[in-house]
Amino acid sequence: MQNISKILLILISILFLYGTSYASDDVNQETPKILKPGFSFEGPFGVFDRSELRRGYQVYSEVCSSCHSIDQLSFRNLIQKGGPEFSEEETKRIASQYTISDRFDDYGELIERKRLLSDRFPSPFPNKKAAMSANNGSYPPDLSLIVKARVGGHNYIYSLLSGYEETIPEGLEVSGILSYNPWYPGSAGIAMMQPLYDDLIEYSDGTPATINQMAYDVSVFLSWVSEPELEVRKKMGFVVIGFLIIFVILMYLSTRRLWKEVH
Amino acid sequence: MNNDYEYVPKNSFTRWLDTRLPILRFTNEHILQFPTPKNLNYFWTFGFILTFFLITQIITGVILAMHYAPNSLLAFDSIEHIMRDVNYGWLIRYAHSNGSSMFFLAVYIHMFRGLYYGSYKEPREVLWILGCIIYFLMIVTAFMGYVLPWGQMSYWAATVIINLVGTLPIIGDSLTQLLLGGFAVDNPTLNRFFSLHYLIPFIIFGLVFLHIWALHVPGNNNPTGVSIQGKQDTVAFHPYYTVKDFFAYIVFLLLFCYFIFYNPNALGHPDNYIEADPMLTPAHIVPEWYLLPFYAILRAVPDKLFGVLLMFGSIVVLFFLPWLDTMKVRSARYRPFYKMFFFIFVLDCLLLGYLGAQVPEGIYLLLSRVSTFYYFAFFILIMPALSRLEKPNPMPIGISNPAIDQNARLD
Amino acid sequence: MSDIPEDDKPSRRDFLYITTGTFGAVGAAAMVWPLVDQMNPDSSVKALSSIEVDISEVPEGGFLKVAWRGKPVYIRRRTAEEIIRAESEDKEDLPDPQNDADRVKKKEWLVVVGVCTHLGCIPIADRGDYDGWFCPCHGSHYDISGRIRKGPAPTNLEIPPYEFASDTVIKIG
């Protein structure tokens with residue numbers, strides 16, 4: 001056992017070392033510490049809050065979706081367990097607001113049809129070039145994986161969306177078409193203009209739509225979009241690790257009993 | 001040695017089979033009855049753990065290949081298809097990606113164990129060299145596998161590493177194009193990497209058999225480094241070591257499962273969730289953690305070609321260990337100076353790993369150079385010097401006999 | 001010391017070892033399931049396993065050919081005369097006897113999978129001796145109810161599971 005604890009100690013120190021080295025890697029020294037408002041899906045037993053997810057979806061569809069796509073998401077995902085869990089009728093209605101042309105008629109012309117549950121979410125722009133030309137040459141990134149693709153994850157998204165500042169600190173130059181956001185790595189300015197303002201939208205459940213509230217809700221929604229398996233994963237992990245802990249105790253006892261005969 | 005554990009077929013079928021395909025004899029002599037030193041500690045369980053992880057990687061890999069599309073236009077989306085649509089796809093993919101980290105973690109412990117207890121010394125030189133080949137192939141496989149998700153890190157890691165080849169004089173450029181199948185990393189590169197990433201693990205699997213074969217000729221080393229002298233020193237591999245190794249494997253599996261279920265992306269890099277863009281390089285390109293020490297060595301040297309040579313040299317030097325360290329006493333237990341330099345070496349490797357993730361400037365660059373120097377000095381200067389100068393401590397006569405061997409010092 | 005006497009062995013197979021072994025076996029079995037289940041149709045495939053078809057624009061006597069689970073499905077709007085013909089032929093000597101009424105939910109609409117029951121070719125609509133379908137591969141003739149009348153095919157054209165979601169929408173699957 002002495003050896004195994006030694007090995008574990010080594011493992012943990014290696015992981016800690018590299019964990020910290022990666023974390024310190026990308027964050028600019030001038031960037032302030034990322035805000036951590038606390039989210040329900042953090043921690044080993046974390047689950048998403050349905051009403052936060054639904055409000056977050058509303059923020060996405062009424063604000064973000066005018067520039068940002070969520071290519072990897074299908075409408076059917078809104079129904080599945082562990083997500084916003086909209087009803088099937090509701091989701092069909094959402095899907096049918098969008099059209100798609102993916103089939104040809106007998107004359108070789110594209111047929112336009114309403115989107116179905118099995119279809120993906122539409123992109124706001126037909127292609128990357130169109131997206132860039134509509135946004136002063138900057139490409140609004142797809143948000144399907146944005147939480148996994150940024151250092152700081154959901155906390156970074158929250159900090160960024162709620163952290164736009166009017167006054168630019170002295171000594172920093174931010175060119176005209178860019179906005180200042182202290183959380184944006186590099187701090188030379190972010191191409192996205194401040195997207196959220198108080199009461200920009202009206203929540204269907206009556207929650208006051210403050211900047212922080214909307215930033216929070218949409219961070220929750222985007223976390224789910226990035227990791228739709230999160231709830232299933234953590235639940236399964238609990239069972240698997242629980243099982244393994246019992247098993248490892250049994251294995252330890254068996255090993256000890258077996259080796260007693262030897263020494 | 002094997003005579004003590006002679007296999008005798010029990011019935012007419014096994015007797016018939018034994019003269020045609022002695023597979024039961026083989027299993028019996030090399031797995032079940034194989035005489036194993038009874039004093040092996042938990043550092044010796046990693047061979048078993050590694051075998052399991054190789055199998056895990058192969059199985060999850062074959063499954064991922066059923067759903068993955070090795071095409072630069074489809075690769076990124078097909079990974080997301082696996083993560084979102086395929087039944088348990090996220091589990092299998094996270095097991096594969098974190099499995100490679102666990103595999104390397106285990107192989108490093110396995111190698112440091114060999115280094116500490118002198119397991120590479122006569123008569124186990126071939127065993128050690130086979131292990132080095134396996135390790136090198138693991139690096140190649142892991143590197144190619146990292147390219148397959150076709151994220152930003154995938155793309156740029158491939159670009160940077162293949163560009164290293166371009167530093168070679170005369171043949172550099174043509175060799176780079178040969179490897180890439182074009183002038184930059186693109187679809188042909190992805191295709192061949194997929195093909196080779198699928199192939200090499202099976203070569204590794206074959207080499208693992210040779211590795212075990214080479215182990216079973218002289219038998220296991222042990223913490224004392226003293227050779228087996230008779231039956232009193234050994235136990236049968238089964239059940240003693242199958243059970244003990246399996247226990248250790250489950251402990252390791254717990255760590256693995258923690259990563260899969262609770263922190264699946266901790267060992268990866270966020271940039272790899274952005275699809276590859278040949279027109280845009282990420283701010284810092286870093287390899288996976290298990291290759292960081294080599295990356296640090298590469299960047300410690302101002303000259304590009306020399307840096308590449310040193311990086312490869314850091315692996316090549318391992319092959320020559322049995323002839324660099326000629327001290328007869330195997331285990332570091334009885335070599336106080338070697339022991340001290342060994343632990344400095346372990347810290348040095350960890351430091352190199354840390355430095356590999358930093359920008360090579362100022363103090364980091366200086367530290368990289370010092371630790372790179374120590375890395376090579378440990379093998380090329382310290383080992384041969386200690387072989388001549390070090391006076392080992394008194395040693396026991398045998399594994400089961402703790403009495404001090406008065407003649408040991410004369411070795 | 002390393003040799004365990006033979007008669008000592010049964011005592012080792014005690015409760016602890018059996019429990020541990022059982023746990024190991026259960027764990028291994030549970031681990032195998034995800035590795036097998038990943039081969040089942042994934043959720044993007046399942047999402048397409050049922051389709052909704054708008055039939056409001058099919059003229060009388062016309063038909064719609066749609067793809068369902070990778071196979072063609074014919075949705076045929078039959079004329080009054082065709083319905084009478086199909087029902088009157090119930091009494092004839094059919095290779096696979098079935099009443100027309102049992103093959104439709106609304107008499108006007110016939111929904112059949114367009115795969116010949118012989119060897120899986122796709123029959124052509126409005127052809128053949130019975131003005132239903134004709135399979136060009138080996139000459140099977142189907143009538144206006146999709147029943148096999150002549151040729152090597154053993155059974156009638158398959159009716160997929162479907163329901164009328166509304167008067168103008170059919171949900172297949």
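The values are calculated or read from the model by the stated rules, or taken from the named source; none is laboratory data. All values reported here derive from a predicted model rather than from experimental measurement. Using ideal geometry, Cβ is built from the backbone for each residue, glycine included, and neighbour counts are taken over all protein chains shown. Only protein heavy atoms, including side chains, enter the accessible area calculation; ligands, DNA and RNA are left aside. Shrake-Rupley method; radii C 1.70, N 1.55, O 1.52, S 1.80 Å.
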Given a Förster distance of 30 Å, the FRET efficiency implied by the Cβ-Cβ spacing of C:SER166 and A:THR207, rounded to the nearest 0.05, works out to 0.25
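Between C:MET31 and B:ILE363, how high is the FRET efficiency from 1/(1 + (r/R0)^6) when r is the Cβ-Cβ distance and R₀ = 41 Å? Nearest 0.05.
Values: r = 47 Å, r/R0 = 1.14.
It comes out at approximately 0.30.
Suppose only helical runs count, i.e. DSSP H with n ≥ 4. What mean residue ellipticity at 222 nm does that imply for chain B under -39500 (n - 2.57) per run, divided by all residues and rounded to the nearest 500 deg cm²/dmol?
Numbers: 16 runs with 242 residues, N = 411.
Calculated from helices alone, the mean residue ellipticity at 222 nm is -19500 deg cm²/dmol.
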Suppose only helical runs count, i.e. DSSP H with n ≥ 4. What mean residue ellipticity at 222 nm does that imply for chain A under -39500 (n - 2.57) per run, divided by all residues and rounded to the nearest 500 deg cm²/dmol?
-14000 deg cm²/dmol
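So if I place +1 on the C-beta of Lys and Arg and -1 on the C-beta of Asp and Glu, and nothing else carries charge, what would the dipole magnitude of chain C be about its Cα centre? I want it in debye, nearest 20. Kindly include the intermediate steps, with their values, before the conclusion.
Values: 21 positive and 29 negative charges, 55 e Å.
Result for chain C is approximately 260 debye, rounded to the nearest 20.
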How do the peptides A:168-176, C:83-91, B:71-79 rank, highest first, by the average count of neighbouring beta carbon atoms within 10 Å per residue?
B:71-79, C:83-91, A:168-176
Could you sort out which of C:LYS65/C:LYS107; A:LYS36/A:LYS148; A:LYS92/A:LYS148 sit more than 25 Å apart by Cα distance in this structure?
A:LYS92/A:LYS148
What percent of all Cα-Cα pairs in chain B falls into each 20 Å bin, going from 0 up to the bin containing the maximum distance?
23, 53, 23, 1
Apply the a/c threshold of 1.5 to the C-alpha gyration tensor of chain C and tell me whether it is rounded, prolate or oblate.
prolate
Portion, in percent, of the accessible area of chain B that falls on carbon or sulfur, probe 1.4 Å:
70 percent
Which of B:GLN33, B:THR159, B:ILE58 sits farthest toward the positive end of the charge dipole of chain B, with +1 on the Cβ of Lys and Arg and -1 on the Cβ of Asp and Glu?
B:GLN33
For the stretch C:46-172, with all protein chains present and a 1.4 Å probe, just round the carbon and sulfur fraction of the accessible area to a whole percent.
50 percent
If each of A:GLU166 and C:CYS121 carries a label point 7 Å out from its Cα toward its Cβ, how far apart are those two points in nm?
7.8 nm
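So, for chain A, what is the accessible surface per residue at a probe of 1.4 Å, expressed in square angstrom? All intermediate terms of the calculation are to be shown ahead of the outcome.
Working: 13740 Å² over 263 residues.
On a per-residue basis, chain A sits at 52 Å².
Kindly identify the stretch C:63-125 as rounded, prolate or oblate by the Cα gyration tensor criterion: order the square roots of the eigenvalues as a ≥ b ≥ c, call it rounded if a/c is under 1.5, otherwise compare a/b with b/c, prolate if a/b is larger, else oblate.
On the way: a/c = 2.27, a/b = 1.36, b/c = 1.67.
Since a/c reaches 1.5 but b/c is at least a/b, the shape of the stretch C:63-125 is classed as oblate.
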In the stretch B:286-391, if the dipole is taken from +1 on Lys/Arg beta carbons and -1 on Asp/Glu beta carbons about the Cα centre, which of B:TYR375, B:PHE345, B:PRO322 is farthest to the positive end?
B:PRO322
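Compute the length gained on full extension between A:LYS235 and A:ALA134: take 0.36 nm times their separation in residues and subtract their Cα-Cα distance, giving the result in nm to one decimal. Write down the numbers at each step before the final one.
On the way: separation 101, 0.36 × 101 = 36.36 nm, distance 4.29 nm.
Extra length from A:LYS235 to A:ALA134 when fully extended: 32.1 nm.
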With the other protein chains left in place, how much accessible area per residue, in square angstrom, belongs to the stretch C:46-172 at a 1.4 angstrom probe?
49 Å²
Any chance you could look up the accessible area of A:ASP205 with a 1.4 Å probe, heavy atoms only, rounded to 10 Å²?
80 Å²
What percent do you get for the relative contact order of the stretch C:46-172 when only Cα pairs under 8 Å and 6+ apart count?
24 percent
Can you pull the one-decimal nm distance between simple spin-label points at A:SER175 and B:LYS10, each 7 Å off the Cα toward Cβ?
8.1 nm
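Roughly how large is the C-B contact in terms of buried accessible area, totalled over both chains, probe 1.4 Å, nearest 100 Å²?
Roughly 1400 Å².
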What order do A:CYS67, B:CYS349 take when sorted by accessible area (1.4 Å probe), most exposed first?
A:CYS67, B:CYS349
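Computed on protein heavy atoms with a 1.4 Å probe, what is the summed buried accessible area for the chain pair A and B, in Å² to the nearest 100? Walk me through the intermediate numbers first.
Working: alone 17080 and 20750 Å², together 32740 Å².
Heavy-atom accessible area buried at this interface is about 5100 Å².
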Under the helix-only model (-39500 (n - 2.57) for each DSSP H run of 4 or more, divided by the residues of chain C), the mean residue ellipticity at 222 nm, to 500 deg cm²/dmol, is -7000 deg cm²/dmol
Roughly how many Å is it from the Cα centre of the stretch A:167-214 to that of the stretch B:269-291, as a whole number?
27 Å
Solvent-accessible area of B:PHE379 with every protein chain in place, 1.4 Å probe, in Å² to the nearest 10
0 Å²
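Using the Kirkwood radius over C-alpha pairs as Rh, can you work out the diffusion coefficient of the stretch B:286-391 via Stokes-Einstein at 10 °C, viscosity 1.306 mPa s, in µm² per second? Working shown, then result.
Working: Rh = 14.4 Å.
In µm²/s, the coefficient is 110.
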Hey, rough spin-label estimate for A:ASP198 and C:ASP129, points 7 angstrom out along Cα→Cβ, what's it come to in nanometres?
8.5 nm
Looking at C:VAL104, C:GLN38, C:ILE122, which one has the Cα that reaches farthest to the positive end of the dipole of chain C (charges on Cβ: Lys, Arg +1; Asp, Glu -1)?
C:ILE122
Can you give the accessible area of A:ILE146, probe radius 1.4 Å, in Å² rounded to 10?
10 Å²
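Once R0 is set to 35 Å, what does the formula 1/(1 + (r/R0)^6) return for the Cβ-Cβ distance between A:LYS36 and B:VAL160, expressed as a FRET efficiency to the nearest 0.05?
After rounding, the FRET efficiency stands at 0.55.
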Area buried, chain C against chain A - accessible surface, total, 1.4 angstrom probe, square angstrom:
1500 Å²
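Can you give me the orientation-averaged projected area of the convex hull built on the Cα atoms of the protein assembly as shown, in nm²? Kindly include the intermediate steps, with their values, before the conclusion.
Details: hull surface 193.4 nm².
With every direction weighted equally, the projected area is 48.3 nm².
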Per residue accessible area of the stretch B:313-411, 1.4 Å probe, in Å²:
53 Å²
What residues in the stretch B:66-103 lose 50 Å² or more of accessible surface when the other protein chains are added to their chain alone (1.4 Å probe)?
B:ARG84, B:ASP85, B:ASN87, B:TYR88, B:TRP90
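Hey, what did chain A get for relative contact order, percent, Cα under 8 Å, at least 6 apart?
On the way: 317 pairs, mean separation 62.2, N = 263.
Computed value for chain A: 24 percent relative contact order.
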Hey, can you list the residues from the stretch B:224-250 whose accessible area shrinks by 20 Å² or more with all protein chains present, relative to the chain by itself (probe 1.4 Å, no ligands or nucleic acids)?
B:LYS231, B:VAL235, B:PRO239, B:TYR240, B:VAL243, B:LYS244, B:PHE246, B:PHE247, B:ILE250
At 1.4 Å probe size, with the rest of the protein present, what percent of the exposed accessible area of chain A is carbon and sulfur atoms?
57 percent
Which one, C:ALA67, C:ALA30, C:ALA153, has the greatest fluctuation when you compute a Gaussian network model over chain C with C-alpha springs under 10 angstrom?
C:ALA30
Note down the magnitude of the dipole of the stretch B:40-181 about its Cα centre, charges +1 on Lys and Arg C-beta and -1 on Asp and Glu C-beta and zero elsewhere, to the nearest 20 debye.
340 debye
Suppose every Lys and Arg Cβ carries +1 and every Asp and Glu Cβ carries -1, with no other charges. What dipole size does the protein assembly as shown come out with about its Cα centre, to the nearest 20 debye?
3620 debye
When the accessible area of each residue in the stretch A:49-77 is compared between its chain alone and the complete protein assembly (1.4 Å probe; ligands, DNA and RNA ignored), which residues differ by at least 30 Å², being lower in the assembly?
A:GLN72, A:ARG76
Determine the distance separating the Cα centre of the stretch B:228-248 from the Cα centre of the stretch B:305-327; give it in Å without decimals.
34 Å
